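> Supplied in structure tokens, the structure appears directly below.
What follows is calculated from the coordinates using simple rules that are stated; it is not laboratory data. None of the values given here were measured: they were computed from a predicted structure. Cβ atoms come from the backbone with ideal geometry, glycine included; neighbour counts cover every protein chain shown.
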Amino acid sequence: MRRLLLALPFALLPLAIAHAADEHEHEHGSLGAHEHGVGRLNAVLDGQALELELDSPAMNLVGFEHLATTPADKAKVAAARKQLENPLALFNLPKGAGCVVSTQELNSPLFGDKPEADHDDDDDDHDHDAKDGAHEHHHDHSEIHAHYQFTCATPTALSNLDLTQVFKTFPATQKIQVQLIGPSGQQGVQATAQAATLKF
Ligand SMILES: [Zn+2]
């Protein structure tokens, strides 16, 4: 519903509705955990082990958060997935570091994974309609989660983490909140397309 309203040109909307949509956006932002345009990345370099964990609103990666039903939307999901399945290129890991992927896991309702909170008990999908708006809100938003573990033969070649390619591949990503843990300790950094290189 919200998506539909926002998709309409604002000029066509009565002022009251435009205002309501605006407020909704506000509410959403205050949740903090899921803000369109903002991704979160944990990066841990420990000896030869490098771990990267990316959490992103699906909006940033595919441009929508509903289940893909049209061929065009399915193609967008497949394309994003393909990029995420090639982390050595996506995270621009230097060849000299000799990193190989040891585990790789992608999760998203958009990839057909069931949201955890949803299906514990039984079935009743119709139940949702009866519940209030707050509950519905939960279903409007979807994330994509990517978790990688690498083994790097020459970790000293990993002095930087370069996210340039992530911003280029997924231009709807405006910033990534990064927690970096490496040889020089832990730091929280905000990466943008203009400042995409982080020091481990
Ligand atoms: Zn969302």
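> Just add up the charged neighbours of Ser56: K/R +1, D/E -1, any other residue whose Cβ is under 13 Å from the Cβ of Ser56.
Local charge sum for Ser56: -2.
> Given the pairs Lys76/Lys199; Lys82/Lys114; Lys175/Lys199; Lys74/Lys199; Lys74/Lys95, which are separated by over 25 angstrom at their Cα positions?
The answer is Lys76/Lys199; Lys74/Lys199; Lys74/Lys95.
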